[in-house]
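Reading through the structure tokens given below for one structure.
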Amino acid sequence: MINEKLTLTTDWDKVFPKSNLVNHQKVTFTNRYGITLAADMYTPKNATGKLAALAVSGPFGAVKEQSSGLYAQTMAEKGFLTIAFDPSFTGESAGQPRFMASPDINTEDFQAAVDFLSVHPTLIPKKSV
């Protein structure tokens, strides 16, 4: 389970049509428990400069190929850098046993997604306070 190498599909496997206004790519990142998470990253085509970012995941049992992916793609059409990710134990993400609910690990999944986005080169840098 620790830093597990994932095999991600290369086909468009979503329940919604692919937008011609965004670029799509599969990415992975690891939470602090060492569980590798799978995500779809959407970036607006022809975007220039730094972008604001969003991390999206669905409720228990949902995967990024459903509504969270559609939301992420739609927000990328509006100019955001977005990722829709499968939480630990679900979808293309790692973790055993499968289909387990863990609020603590789910919180870590979101923190890992934000950390991943925070170091992306097209993200708007945080302002110092």
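Where a number appears in this text, it was derived from the coordinates with a stated rule and is not lab data. Here the structure is a predicted model, which is why all the values come from computation and not from measurement. Because the Cβ atoms are built from the backbone with ideal geometry, glycine has one as well, and the counts that use them run over all protein chains shown.
Numbers below:
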{"quantity": "Dipole of the chain, positive end: most advanced residue of Q66, S19, T90 [Cβ charges, Cα centre]", "calculated": "S19"}
{"quantity": "Highest average packing first - 68-75, 22-29, Cβ atoms within 10 Å", "calculated": "68-75, 22-29"}
{"quantity": "Set of region 30-57 residues, backbone N closer than 13 Å to the point 7 Å along the Cα-Cβ line of E77", "calculated": "44-45"}
{"quantity": "Members of K14/K50; K5/K26; K45/K78; K14/K45 lying beyond 22 Å, as alpha-carbon distances in this model show", "calculated": "K14/K50"}
{"quantity": "Paramagnetic reach from D115 (point 7 Å along Cα→Cβ, amide N under 15 Å) across region 55-95", "calculated": "88"}
{"quantity": "Gain in span if fully extended, N23 to T9, counting 0.36 nm per residue against the direct Cα distance", "calculated": "3.4 nm"}
{"quantity": "Nearest 10 degrees, 0 to 90: helix 67-77 Cα axis against the chain principal axis", "calculated": "20"}
